[in-house]
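The values are calculated or read from the model by the stated rules, or taken from the named source; none is laboratory data. Only a predicted model underlies this, so the values are computations on that prediction, with no experimental measurement involved. When we count neighbours, we look across all protein chains shown, and the Cβ atoms used for this are built from the backbone with ideal geometry, even at glycine. Protein only, heavy atoms only, side chains kept; ligands, DNA and RNA dropped before computing areas. Shrake-Rupley method; radii C 1.70, N 1.55, O 1.52, S 1.80 Å.
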Amino acid sequence: MDLKKTASVEILSSNSLFLDATHLTEDTLTTQKKIWALVTKCKASNAFIDIVPAMNSLCMYLHNSNELEHWQNELTNWWQDVDELKHQGTHHNIITHYGGNYGPDLDFVAKSHDLTTDEVIQLHSNTQYQVLFLGFQPGFVYLHGLTEQLHTPRRNTPRTKVPKGSVAIGAEQTGIYPADSPGGWHIIGHTDFNLFNHLSEPPSVIQPGDTLTFVSAEALS
Amino acid sequence: MITVLKPGPLMSIQDIGRTGFRHLGVAQSGAIDSNAMIIANRLLNNADNDAVIEITLGLAQLKFECDTVIALIGTDMKAHLDETAIYPGWTYTVKKGQTIRFAAARNGFRAYLACKGGIQCEKVMNSRSTDLAAGFGGSTGYALKEHDTLAIEPFTEHWPKLGAFLPAKREVIRIHPSIHQDLLTQSVIKQFCAQTWHVTTQSNRMGVRLSNQSQPLSHSHSLPSLAVSPGSIQLPPSGEPIVLLNDGQTTGGYPLLGTVIAADLPQFAQLKPGDSIRFEYVDSATANNAQAKLDAHFAQLAIALKDAAC
(Lines give C-alpha, C1' and ligand atoms only; values in the text may rest on other atoms or scores of the structure.)
Protein backbone atom coordinates (compact mmCIF):
# COMPACT_ATOMS: atom_id res chain seq x y z
CA MET A 1 0.00 0.00 0.00
CA ASP A 2 1.36 3.41 -0.90
CA LEU A 3 1.45 5.33 2.37
CA LYS A 4 1.47 8.65 0.54
CA LYS A 5 -1.95 7.91 -0.89
CA THR A 6 -3.80 6.52 2.06
CA ALA A 7 -4.93 8.01 5.32
CA SER A 8 -3.92 6.40 8.60
CA VAL A 9 -6.49 5.66 11.29
CA GLU A 10 -4.99 5.75 14.77
CA ILE A 11 -6.35 5.09 18.23
CA LEU A 12 -6.62 8.22 20.38
CA SER A 13 -8.39 6.64 23.35
CA SER A 14 -10.70 3.75 24.22
CA ASN A 15 -13.53 5.36 22.31
CA SER A 16 -11.92 7.69 19.80
CA LEU A 17 -10.13 7.34 16.47
CA PHE A 18 -8.06 9.82 14.50
CA LEU A 19 -8.03 9.68 10.73
CA ASP A 20 -4.95 11.53 9.54
CA ALA A 21 -4.76 12.62 5.91
CA THR A 22 -2.45 15.60 6.45
CA HIS A 23 0.49 13.84 4.78
CA LEU A 24 -1.24 13.14 1.46
CA THR A 25 0.31 14.66 -1.64
CA GLU A 26 -2.97 15.70 -3.28
CA ASP A 27 -4.07 19.29 -2.62
CA THR A 28 -5.67 20.03 0.73
CA LEU A 29 -9.09 20.85 -0.71
CA THR A 30 -9.35 17.53 -2.57
CA THR A 31 -8.41 15.72 0.64
CA GLN A 32 -10.89 17.80 2.65
CA LYS A 33 -13.71 16.93 0.22
CA LYS A 34 -12.99 13.25 0.87
CA ILE A 35 -13.15 13.99 4.61
CA TRP A 36 -16.64 15.52 4.20
CA ALA A 37 -17.81 12.57 2.13
CA LEU A 38 -16.52 10.28 4.89
CA VAL A 39 -18.38 12.37 7.52
CA THR A 40 -21.65 11.78 5.63
CA LYS A 41 -20.95 8.03 5.57
CA CYS A 42 -20.02 7.95 9.27
CA LYS A 43 -23.18 9.86 10.26
CA ALA A 44 -25.34 7.31 8.48
CA SER A 45 -23.81 4.51 10.57
CA ASN A 46 -25.16 5.94 13.88
CA ALA A 47 -22.08 4.46 15.57
CA PHE A 48 -20.60 7.77 16.68
CA ILE A 49 -21.36 10.30 19.43
CA ASP A 50 -19.42 13.01 17.62
CA ILE A 51 -17.72 13.19 14.22
CA VAL A 52 -15.36 16.15 14.07
CA PRO A 53 -13.54 17.13 10.90
CA ALA A 54 -10.54 19.46 11.19
CA MET A 55 -7.76 20.31 8.72
CA ASN A 56 -7.35 17.19 6.56
CA SER A 57 -8.21 15.02 9.52
CA LEU A 58 -11.21 13.55 11.24
CA CYS A 59 -11.89 12.49 14.83
CA MET A 60 -14.61 10.02 15.59
CA TYR A 61 -15.97 9.38 19.08
CA LEU A 62 -17.65 6.00 19.40
CA HIS A 63 -20.76 5.05 21.36
CA ASN A 64 -19.39 1.57 21.96
CA SER A 65 -15.69 1.20 22.79
CA ASN A 66 -15.89 -2.53 21.97
CA GLU A 67 -16.16 -1.55 18.32
CA LEU A 68 -12.91 0.43 18.28
CA GLU A 69 -10.86 -2.01 16.22
CA HIS A 70 -13.75 -2.76 13.90
CA TRP A 71 -14.10 0.91 13.06
CA GLN A 72 -10.35 1.39 12.76
CA ASN A 73 -10.36 -1.18 9.96
CA GLU A 74 -13.63 -0.07 8.45
CA LEU A 75 -12.55 3.57 8.17
CA THR A 76 -9.24 2.61 6.58
CA ASN A 77 -11.19 0.68 3.95
CA TRP A 78 -13.79 3.41 3.50
CA TRP A 79 -11.05 5.93 2.79
CA GLN A 80 -9.97 3.88 -0.25
CA ASP A 81 -13.45 4.01 -1.79
CA VAL A 82 -14.68 7.40 -0.71
CA ASP A 83 -15.51 9.79 -3.54
CA GLU A 84 -14.75 13.46 -2.93
CA LEU A 85 -17.51 14.48 -5.31
CA LYS A 86 -20.18 12.76 -3.27
CA HIS A 87 -20.47 15.58 -0.77
CA GLN A 88 -22.94 18.36 -1.55
CA GLY A 89 -22.83 21.22 0.92
CA THR A 90 -25.21 24.19 1.17
CA HIS A 91 -24.23 27.59 -0.20
CA HIS A 92 -24.65 30.69 1.98
CA ASN A 93 -24.55 34.34 0.94
CA ILE A 94 -23.14 36.52 3.70
CA ILE A 95 -24.37 40.08 3.19
CA THR A 96 -21.47 42.20 4.42
CA HIS A 97 -21.10 45.92 5.15
CA TYR A 98 -17.47 46.73 4.36
CA GLY A 99 -15.39 49.57 5.78
CA GLY A 100 -16.22 52.63 7.87
CA ASN A 101 -17.46 51.85 11.36
CA TYR A 102 -18.25 48.33 10.20
CA GLY A 103 -14.67 47.60 9.14
CA PRO A 104 -12.18 49.79 11.03
CA ASP A 105 -9.18 47.91 9.58
CA LEU A 106 -10.20 48.01 5.89
CA ASP A 107 -7.94 51.00 5.20
CA PHE A 108 -5.03 49.29 6.93
CA VAL A 109 -5.47 46.10 4.89
CA ALA A 110 -5.73 48.12 1.66
CA LYS A 111 -2.63 50.19 2.45
CA SER A 112 -0.53 47.19 3.42
CA HIS A 113 -1.16 45.64 0.00
CA ASP A 114 -1.06 48.85 -2.08
CA LEU A 115 -4.71 48.39 -3.00
CA THR A 116 -7.71 50.68 -2.85
CA THR A 117 -10.44 49.76 -0.37
CA ASP A 118 -12.73 48.97 -3.32
CA GLU A 119 -10.17 46.54 -4.65
CA VAL A 120 -9.96 44.79 -1.27
CA ILE A 121 -13.76 44.50 -1.20
CA GLN A 122 -13.75 43.15 -4.77
CA LEU A 123 -11.07 40.56 -3.98
CA HIS A 124 -12.73 39.51 -0.75
CA SER A 125 -16.26 39.24 -2.08
CA ASN A 126 -15.59 37.76 -5.51
CA THR A 127 -14.60 34.38 -4.12
CA GLN A 128 -16.51 31.27 -3.23
CA TYR A 129 -15.07 30.04 0.08
CA GLN A 130 -15.16 26.47 1.28
CA VAL A 131 -16.09 25.86 4.92
CA LEU A 132 -13.26 23.51 5.93
CA PHE A 133 -14.42 22.91 9.50
CA LEU A 134 -15.72 24.70 12.61
CA GLY A 135 -13.90 25.19 15.90
CA PHE A 136 -12.38 27.76 18.29
CA GLN A 137 -15.84 28.81 19.49
CA PRO A 138 -19.42 27.76 18.65
CA GLY A 139 -20.17 28.59 15.02
CA PHE A 140 -16.68 29.79 14.05
CA VAL A 141 -15.96 28.64 10.48
CA TYR A 142 -12.50 27.98 9.06
CA LEU A 143 -12.64 29.07 5.40
CA HIS A 144 -10.51 28.08 2.45
CA GLY A 145 -10.07 30.40 -0.50
CA LEU A 146 -8.74 33.80 0.64
CA THR A 147 -6.68 35.16 -2.24
CA GLU A 148 -2.99 35.45 -1.45
CA GLN A 149 -3.18 39.17 -2.31
CA LEU A 150 -5.12 39.72 0.94
CA HIS A 151 -2.98 37.64 3.29
CA THR A 152 -2.24 40.03 6.16
CA PRO A 153 -0.28 39.25 9.35
CA ARG A 154 -2.42 39.44 12.49
CA ARG A 155 -2.53 42.67 14.51
CA ASN A 156 0.44 43.19 16.82
CA THR A 157 -1.94 43.81 19.69
CA PRO A 158 -5.15 41.78 19.67
CA ARG A 159 -8.35 43.66 20.46
CA THR A 160 -9.89 42.77 23.80
CA LYS A 161 -13.32 42.82 22.15
CA VAL A 162 -14.16 42.10 18.54
CA PRO A 163 -17.92 42.54 18.01
CA LYS A 164 -20.13 39.64 16.98
CA GLY A 165 -20.58 39.54 13.20
CA SER A 166 -17.19 41.07 12.40
CA VAL A 167 -15.78 39.90 9.07
CA ALA A 168 -12.02 39.78 9.41
CA ILE A 169 -8.70 38.72 7.91
CA GLY A 170 -5.96 37.02 9.94
CA ALA A 171 -2.83 35.85 8.11
CA GLU A 172 -3.97 33.56 5.26
CA GLN A 173 -7.48 33.18 6.65
CA THR A 174 -10.72 35.10 6.63
CA GLY A 175 -13.69 34.49 8.90
CA ILE A 176 -16.63 35.82 10.85
CA TYR A 177 -16.74 36.25 14.63
CA PRO A 178 -19.87 34.36 15.82
CA ALA A 179 -19.89 36.16 19.19
CA ASP A 180 -18.14 39.05 20.92
CA SER A 181 -14.65 37.85 21.75
CA PRO A 182 -11.04 38.95 21.96
CA GLY A 183 -9.28 38.66 18.60
CA GLY A 184 -6.21 39.63 16.61
CA TRP A 185 -7.63 39.65 13.09
CA HIS A 186 -8.17 42.77 10.98
CA ILE A 187 -11.84 43.74 10.90
CA ILE A 188 -12.84 44.72 7.36
CA GLY A 189 -16.62 44.50 7.64
CA HIS A 190 -19.69 43.34 9.48
CA THR A 191 -22.55 40.96 8.78
CA ASP A 192 -25.90 40.48 10.52
CA PHE A 193 -25.84 36.83 9.45
CA ASN A 194 -26.31 34.87 12.68
CA LEU A 195 -23.70 32.10 12.73
CA PHE A 196 -24.77 30.50 15.96
CA ASN A 197 -27.97 30.47 17.96
CA HIS A 198 -28.13 27.97 20.78
CA LEU A 199 -31.94 27.93 20.55
CA SER A 200 -32.06 27.02 16.86
CA GLU A 201 -32.06 23.52 15.44
CA PRO A 202 -29.39 23.10 14.19
CA PRO A 203 -27.67 25.85 16.23
CA SER A 204 -25.28 26.61 13.39
CA VAL A 205 -26.71 27.03 9.90
CA ILE A 206 -23.25 26.67 8.38
CA GLN A 207 -21.77 23.17 8.49
CA PRO A 208 -18.39 21.76 7.50
CA GLY A 209 -18.39 21.18 3.73
CA ASP A 210 -20.69 24.12 2.92
CA THR A 211 -19.64 27.02 0.69
CA LEU A 212 -20.14 30.74 1.22
CA THR A 213 -19.69 34.06 -0.52
CA PHE A 214 -19.41 37.50 1.05
CA VAL A 215 -21.78 39.84 -0.76
CA SER A 216 -21.15 43.57 -0.42
CA ALA A 217 -24.27 45.24 1.00
CA GLU A 218 -23.29 48.53 -0.69
CA ALA A 219 -23.10 46.80 -4.09
CA LEU A 220 -26.60 45.38 -3.56
CA SER A 221 -28.26 48.72 -2.91
CA MET B 1 -36.24 27.07 44.85
CA ILE B 2 -32.66 27.83 45.92
CA THR B 3 -31.28 31.36 46.23
CA VAL B 4 -27.58 32.01 45.78
CA LEU B 5 -26.38 34.14 48.68
CA LYS B 6 -22.66 33.87 47.81
CA PRO B 7 -21.34 32.10 44.70
CA GLY B 8 -17.68 31.83 45.75
CA PRO B 9 -15.01 31.88 43.00
CA LEU B 10 -17.06 29.73 40.59
CA MET B 11 -20.31 27.86 40.93
CA SER B 12 -22.26 26.52 37.96
CA ILE B 13 -25.03 24.15 36.96
CA GLN B 14 -23.73 21.03 35.22
CA ASP B 15 -24.91 17.64 34.08
CA ILE B 16 -22.96 15.00 32.16
CA GLY B 17 -22.37 17.48 29.31
CA ARG B 18 -23.27 18.18 25.71
CA THR B 19 -22.55 15.69 22.94
CA GLY B 20 -23.25 15.60 19.22
CA PHE B 21 -22.31 19.22 18.52
CA ARG B 22 -18.51 19.22 18.57
CA HIS B 23 -18.38 19.60 14.76
CA LEU B 24 -20.06 23.01 15.25
CA GLY B 25 -17.41 24.12 17.74
CA VAL B 26 -19.57 23.44 20.80
CA ALA B 27 -17.63 22.33 23.89
CA GLN B 28 -18.77 19.40 26.01
CA SER B 29 -19.16 21.32 29.30
CA GLY B 30 -20.51 19.15 32.14
CA ALA B 31 -19.31 18.18 35.62
CA ILE B 32 -15.52 17.76 35.65
CA ASP B 33 -15.96 14.93 38.15
CA SER B 34 -18.69 12.97 36.41
CA ASN B 35 -18.32 10.17 38.99
CA ALA B 36 -19.14 12.54 41.85
CA MET B 37 -22.11 13.93 39.95
CA ILE B 38 -23.54 10.47 39.21
CA ILE B 39 -23.04 9.23 42.77
CA ALA B 40 -24.72 12.33 44.19
CA ASN B 41 -27.69 11.75 41.90
CA ARG B 42 -27.92 8.06 42.73
CA LEU B 43 -28.00 8.73 46.48
CA LEU B 44 -31.21 10.65 45.79
CA ASN B 45 -32.58 8.17 43.26
CA ASN B 46 -32.33 10.92 40.64
CA ALA B 47 -31.53 10.14 37.02
CA ASP B 48 -27.73 9.92 36.54
CA ASN B 49 -27.84 12.94 34.26
CA ASP B 50 -29.91 15.26 36.47
CA ALA B 51 -28.31 18.69 36.82
CA VAL B 52 -26.23 19.40 39.94
CA ILE B 53 -24.31 22.40 41.28
CA GLU B 54 -20.54 22.29 40.81
CA ILE B 55 -18.79 24.29 43.54
CA THR B 56 -15.21 25.43 43.06
CA LEU B 57 -13.02 26.00 46.11
CA GLY B 58 -15.98 26.85 48.36
CA LEU B 59 -16.59 30.23 50.08
CA ALA B 60 -20.19 29.97 48.96
CA GLN B 61 -23.63 30.10 50.52
CA LEU B 62 -27.06 28.94 49.32
CA LYS B 63 -30.50 29.32 50.83
CA PHE B 64 -33.23 26.71 50.36
CA GLU B 65 -36.69 28.21 49.80
CA CYS B 66 -38.44 24.83 50.05
CA ASP B 67 -38.00 21.40 51.69
CA THR B 68 -35.71 19.00 49.84
CA VAL B 69 -33.06 16.31 50.28
CA ILE B 70 -29.50 16.96 49.17
CA ALA B 71 -26.44 14.83 48.48
CA LEU B 72 -23.00 16.37 48.79
CA ILE B 73 -19.99 14.69 47.13
CA GLY B 74 -16.43 15.72 46.34
CA THR B 75 -13.83 17.47 48.40
CA ASP B 76 -14.49 18.56 51.98
CA MET B 77 -15.27 22.28 52.12
CA LYS B 78 -16.23 22.27 55.81
CA ALA B 79 -19.86 22.71 54.88
CA HIS B 80 -22.55 23.63 57.40
CA LEU B 81 -26.30 23.35 57.13
CA ASP B 82 -27.26 26.28 59.34
CA GLU B 83 -24.97 25.58 62.32
CA THR B 84 -24.58 21.82 61.82
CA ALA B 85 -21.46 20.46 60.14
CA ILE B 86 -22.23 18.25 57.12
CA TYR B 87 -19.85 15.94 55.27
CA PRO B 88 -19.28 14.94 51.64
CA GLY B 89 -20.55 11.50 50.69
CA TRP B 90 -23.92 11.76 52.49
CA THR B 91 -27.54 12.74 52.02
CA TYR B 92 -29.16 15.39 54.25
CA THR B 93 -32.75 16.41 54.71
CA VAL B 94 -33.18 20.17 54.29
CA LYS B 95 -36.04 22.32 55.55
CA LYS B 96 -37.35 25.45 53.92
CA GLY B 97 -35.35 28.49 55.05
CA GLN B 98 -32.14 26.62 55.87
CA THR B 99 -28.84 27.76 54.40
CA ILE B 100 -25.81 25.74 53.40
CA ARG B 101 -22.44 27.41 53.81
CA PHE B 102 -19.11 26.26 52.40
CA ALA B 103 -15.74 27.31 53.85
CA ALA B 104 -12.64 26.69 51.70
CA ALA B 105 -11.49 23.33 50.35
CA ARG B 106 -8.11 22.28 51.68
CA ASN B 107 -7.26 19.00 50.00
CA GLY B 108 -9.22 19.26 46.78
CA PHE B 109 -10.92 21.82 44.58
CA ARG B 110 -14.49 20.86 43.67
CA ALA B 111 -17.65 19.59 45.33
CA TYR B 112 -21.03 18.66 43.90
CA LEU B 113 -24.41 19.37 45.40
CA ALA B 114 -27.40 17.42 44.10
CA CYS B 115 -31.01 18.10 45.08
CA LYS B 116 -33.85 15.60 45.00
CA GLY B 117 -35.28 15.71 41.47
CA GLY B 118 -32.35 17.71 40.08
CA ILE B 119 -31.92 21.40 39.31
CA GLN B 120 -34.71 22.37 36.92
CA CYS B 121 -33.72 24.40 33.88
CA GLU B 122 -34.32 24.19 30.15
CA LYS B 123 -32.10 21.86 28.18
CA VAL B 124 -30.02 23.54 25.49
CA MET B 125 -28.80 21.14 22.82
CA ASN B 126 -29.86 18.19 24.97
CA SER B 127 -28.01 19.31 28.08
CA ARG B 128 -28.54 21.47 31.16
CA SER B 129 -24.80 22.12 31.49
CA THR B 130 -23.67 25.74 31.56
CA ASP B 131 -21.33 26.61 28.69
CA LEU B 132 -19.47 29.36 30.54
CA ALA B 133 -17.56 30.63 27.50
CA ALA B 134 -20.46 30.69 25.05
CA GLY B 135 -23.05 31.86 27.57
CA PHE B 136 -25.84 29.31 27.33
CA GLY B 137 -27.18 26.38 29.34
CA GLY B 138 -27.75 26.25 33.10
CA SER B 139 -30.34 28.68 34.42
CA THR B 140 -28.73 31.88 33.11
CA GLY B 141 -25.96 30.77 30.72
CA TYR B 142 -23.31 32.02 33.11
CA ALA B 143 -21.59 31.26 36.38
CA LEU B 144 -24.01 31.61 39.28
CA LYS B 145 -24.18 35.08 40.83
CA GLU B 146 -25.48 36.48 44.08
CA HIS B 147 -29.34 36.60 44.06
CA ASP B 148 -29.66 34.01 41.26
CA THR B 149 -32.46 31.58 41.89
CA LEU B 150 -32.46 27.91 40.91
CA ALA B 151 -35.68 25.97 40.48
CA ILE B 152 -36.10 22.66 42.33
CA GLU B 153 -39.22 20.61 43.07
CA PRO B 154 -40.12 20.66 46.79
CA PHE B 155 -39.70 17.23 48.43
CA THR B 156 -41.21 16.69 51.86
CA GLU B 157 -41.23 12.89 52.26
CA HIS B 158 -38.85 10.92 54.46
CA TRP B 159 -35.55 10.00 52.80
CA PRO B 160 -33.07 7.50 54.28
CA LYS B 161 -29.59 8.58 55.36
CA LEU B 162 -27.37 7.24 52.57
CA GLY B 163 -23.64 7.52 51.96
CA ALA B 164 -21.18 6.52 49.25
CA PHE B 165 -17.48 6.70 48.49
CA LEU B 166 -15.86 8.20 45.42
CA PRO B 167 -13.41 5.98 43.52
CA ALA B 168 -9.94 6.29 45.10
CA LYS B 169 -7.63 9.19 44.28
CA ARG B 170 -4.65 8.33 42.06
CA GLU B 171 -1.10 9.62 42.30
CA VAL B 172 -0.20 8.71 38.72
CA ILE B 173 -2.59 9.50 35.87
CA ARG B 174 -2.82 6.82 33.17
CA ILE B 175 -2.76 7.95 29.56
CA HIS B 176 -3.15 6.52 26.07
CA PRO B 177 -0.05 6.76 23.83
CA SER B 178 0.62 9.88 21.76
CA ILE B 179 -0.29 9.88 18.07
CA HIS B 180 2.56 12.38 17.62
CA GLN B 181 5.41 10.43 19.22
CA ASP B 182 7.48 10.41 16.01
CA LEU B 183 7.14 14.16 15.66
CA LEU B 184 7.80 14.90 19.34
CA THR B 185 10.54 12.23 19.64
CA GLN B 186 10.83 9.43 22.17
CA SER B 187 13.01 11.57 24.41
CA VAL B 188 10.20 14.11 24.91
CA ILE B 189 7.68 11.34 25.52
CA LYS B 190 9.99 9.74 28.10
CA GLN B 191 10.71 13.03 29.86
CA PHE B 192 7.02 13.82 30.12
CA CYS B 193 6.44 10.67 32.17
CA ALA B 194 9.70 10.80 34.11
CA GLN B 195 8.90 14.20 35.60
CA THR B 196 6.57 15.53 38.24
CA TRP B 197 4.40 18.38 36.97
CA HIS B 198 2.83 21.25 38.86
CA VAL B 199 -0.62 22.66 38.22
CA THR B 200 -0.34 26.37 37.38
CA THR B 201 -2.71 29.18 38.30
CA GLN B 202 -3.81 29.49 34.65
CA SER B 203 -5.88 26.32 35.07
CA ASN B 204 -9.66 26.34 34.81
CA ARG B 205 -12.55 24.28 33.46
CA MET B 206 -11.07 24.57 29.96
CA GLY B 207 -7.84 22.89 30.91
CA VAL B 208 -5.18 22.25 33.50
CA ARG B 209 -1.85 23.85 32.62
CA LEU B 210 1.26 22.15 33.89
CA SER B 211 4.73 23.49 34.46
CA ASN B 212 8.06 22.16 35.47
CA GLN B 213 10.98 24.45 36.19
CA SER B 214 13.72 21.97 35.37
CA GLN B 215 13.29 20.88 31.76
CA PRO B 216 10.43 22.25 29.74
CA LEU B 217 9.63 20.19 26.65
CA SER B 218 9.76 23.22 24.37
CA HIS B 219 9.57 22.70 20.61
CA SER B 220 8.73 24.57 17.42
CA HIS B 221 6.15 22.27 15.80
CA SER B 222 2.87 23.61 14.53
CA LEU B 223 0.25 21.24 13.16
CA PRO B 224 -2.79 21.64 10.95
CA SER B 225 -5.75 21.98 13.37
CA LEU B 226 -7.02 18.66 14.63
CA ALA B 227 -9.99 17.79 16.79
CA VAL B 228 -9.30 17.63 20.53
CA SER B 229 -11.50 16.66 23.46
CA PRO B 230 -11.51 16.48 27.26
CA GLY B 231 -8.48 14.35 28.18
CA SER B 232 -6.32 15.43 25.21
CA ILE B 233 -2.89 16.53 26.44
CA GLN B 234 -1.60 19.35 24.26
CA LEU B 235 2.03 20.39 24.16
CA PRO B 236 2.33 24.06 23.11
CA PRO B 237 5.75 25.30 21.93
CA SER B 238 6.47 26.62 25.46
CA GLY B 239 6.85 23.00 26.55
CA GLU B 240 4.23 23.34 29.28
CA PRO B 241 1.52 20.72 28.71
CA ILE B 242 -2.22 21.44 28.91
CA VAL B 243 -4.67 18.71 29.86
CA LEU B 244 -7.93 19.74 28.23
CA LEU B 245 -11.01 19.46 30.42
CA ASN B 246 -14.75 19.73 29.79
CA ASP B 247 -14.84 23.36 28.60
CA GLY B 248 -11.87 22.88 26.26
CA GLN B 249 -12.14 23.95 22.64
CA THR B 250 -13.01 21.43 19.91
CA THR B 251 -9.93 21.87 17.69
CA GLY B 252 -6.31 22.82 18.25
CA GLY B 253 -2.98 22.97 16.46
CA TYR B 254 -0.59 21.69 19.12
CA PRO B 255 0.95 18.22 19.10
CA LEU B 256 -0.62 15.78 21.56
CA LEU B 257 1.33 13.95 24.27
CA GLY B 258 -1.52 11.48 24.65
CA THR B 259 -5.05 11.22 26.03
CA VAL B 260 -6.01 10.67 29.68
CA ILE B 261 -7.90 7.38 30.03
CA ALA B 262 -11.61 7.94 30.66
CA ALA B 263 -11.46 6.30 34.10
CA ASP B 264 -8.82 8.77 35.34
CA LEU B 265 -10.15 11.99 33.81
CA PRO B 266 -12.52 12.84 36.72
CA GLN B 267 -9.43 12.99 38.97
CA PHE B 268 -8.63 16.39 37.45
CA ALA B 269 -11.63 17.89 39.24
CA GLN B 270 -9.68 17.93 42.49
CA LEU B 271 -6.39 19.37 41.19
CA LYS B 272 -5.77 22.93 42.27
CA PRO B 273 -2.91 25.30 41.46
CA GLY B 274 0.29 24.13 43.13
CA ASP B 275 -0.66 20.44 43.21
CA SER B 276 1.74 17.99 41.62
CA ILE B 277 0.93 15.22 39.22
CA ARG B 278 2.66 12.45 37.23
CA PHE B 279 1.69 10.44 34.17
CA GLU B 280 2.24 6.94 32.83
CA TYR B 281 1.45 5.50 29.43
CA VAL B 282 -0.72 2.39 29.49
CA ASP B 283 -1.99 -0.01 26.84
CA SER B 284 -5.63 -0.31 25.87
CA ALA B 285 -6.12 -3.45 27.99
CA THR B 286 -5.11 -1.49 31.12
CA ALA B 287 -7.44 1.35 30.16
CA ASN B 288 -10.30 -1.10 29.62
CA ASN B 289 -9.61 -2.82 32.97
CA ALA B 290 -9.64 0.54 34.72
CA GLN B 291 -13.01 1.28 33.14
CA ALA B 292 -14.34 -2.15 34.13
CA LYS B 293 -13.23 -1.51 37.73
CA LEU B 294 -15.05 1.81 37.71
CA ASP B 295 -18.16 0.19 36.23
CA ALA B 296 -17.98 -2.43 39.02
CA HIS B 297 -17.80 0.36 41.62
CA PHE B 298 -21.04 1.79 40.23
CA ALA B 299 -22.67 -1.64 39.99
CA GLN B 300 -21.89 -2.27 43.68
CA LEU B 301 -23.29 1.11 44.59
CA ALA B 302 -26.49 0.32 42.69
CA ILE B 303 -26.89 -2.97 44.64
CA ALA B 304 -26.15 -1.29 47.98
CA LEU B 305 -28.66 1.47 47.29
CA LYS B 306 -31.31 -1.04 46.26
CA ASP B 307 -30.77 -2.88 49.57
CA ALA B 308 -30.89 0.38 51.51
CA ALA B 309 -34.21 1.28 49.90
CA CYS B 310 -35.84 -2.05 50.95
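Below is a table of values for the structure above.
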| quantity | calculated |
| --- | --- |
| Search result, residues across the stretch A:35-50 that are open to solvent by 20 Å² or more (accessible area, probe 1.4 Å) and either within 12 Å of A:L75 (Cα to Cα) or among the aliphatic types (A, V, I, L, M) (or both) | A:K41, A:A44, A:S45, A:I49 |
| Output for the stretch A:41-58, where each listed residue is farther than 16 Å from B:L24 by Cα and facing another protein chain (nearest Cβ under 9 Å) | A:N56 |
| Of all residues making up the stretch A:4-28, the number that are farther than 28 Å from A:N66 by Cβ and within 13 Å of chain B (Cβ to nearest Cβ) | 4 |
| Answer from B:I86, B:I100, B:I2 - the residue that is closer than 30 Å to B:N126 by Cβ and free of Cβ contacts under 8 Å to residues at least 40 places away in the same chain | B:I100 |
| Condition check for B:L150: among the hydrophobic types (A, V, I, L, M, F, W, C), crowded, with 20+ Cβ neighbours inside 10 Å, part of a loop (DSSP other than H, G, I, E, B) and touching a residue at least 60 places away in the same chain (Cβ under 8 Å) | no |
| Residue that is farthest from B:D247 (Cα to Cα) [pool: residues in the stretch B:111-131 that are crowded, with 21+ Cβ neighbours inside 10 Å and among the hydrophobic types (A, V, I, L, M, F, W, C)] | B:C115 |
| Filter result (of a type in the set (S, T, Y), farther than 17 Å from A:V109 by Cα and in a strand (DSSP E or B)) within the stretch A:169-211 | A:S181, A:T191, A:T211 |
| Listing of helices (runs of 4 or more DSSP H) fully contained in the stretch A:59-168 that carry 2 or more residues being of a type in the set (S, T, Y) and either more than 14 Å from chain B (Cβ to nearest Cβ) or open to solvent by 40 Å² or more (accessible area, probe 1.4 Å) (or both) | A:117-125 |
| Top-ranked residue of the stretch A:182-198 - restricted to ones that are without any contact (Cβ under 8 Å) to a residue 60 or more places away in the chain and surrounded by 19 or more Cβ atoms within 10 Å (Cβ to Cβ), ranked as farthest from the other protein chains (Cβ to nearest Cβ) | A:W185 |
| Given (1) under 18 Å from B:N35 (Cα atoms); (2) in contact with a Lys or Arg (Cβ under 9 Å, 6 or more places away or on another chain); (3) within 14 Å of another protein chain (Cβ to nearest Cβ); (4) not hydroxyl-bearing (S, T, Y), number of the condition B:R128 does not satisfy | (2) |
| Only one of B:A227, B:A263 that is within 12 Å of chain A (Cβ to nearest Cβ) and within 19 Å of A:C59 (Cα to Cα) | B:A227 |
| Whichever residue in the stretch B:156-179 is away from every other protein chain (no Cβ under 14 Å) and surrounded by 17 or more Cβ atoms within 10 Å (Cβ to Cβ) and, among such residues, is nearest to B:A262 (Cα to Cα) | B:P167 |
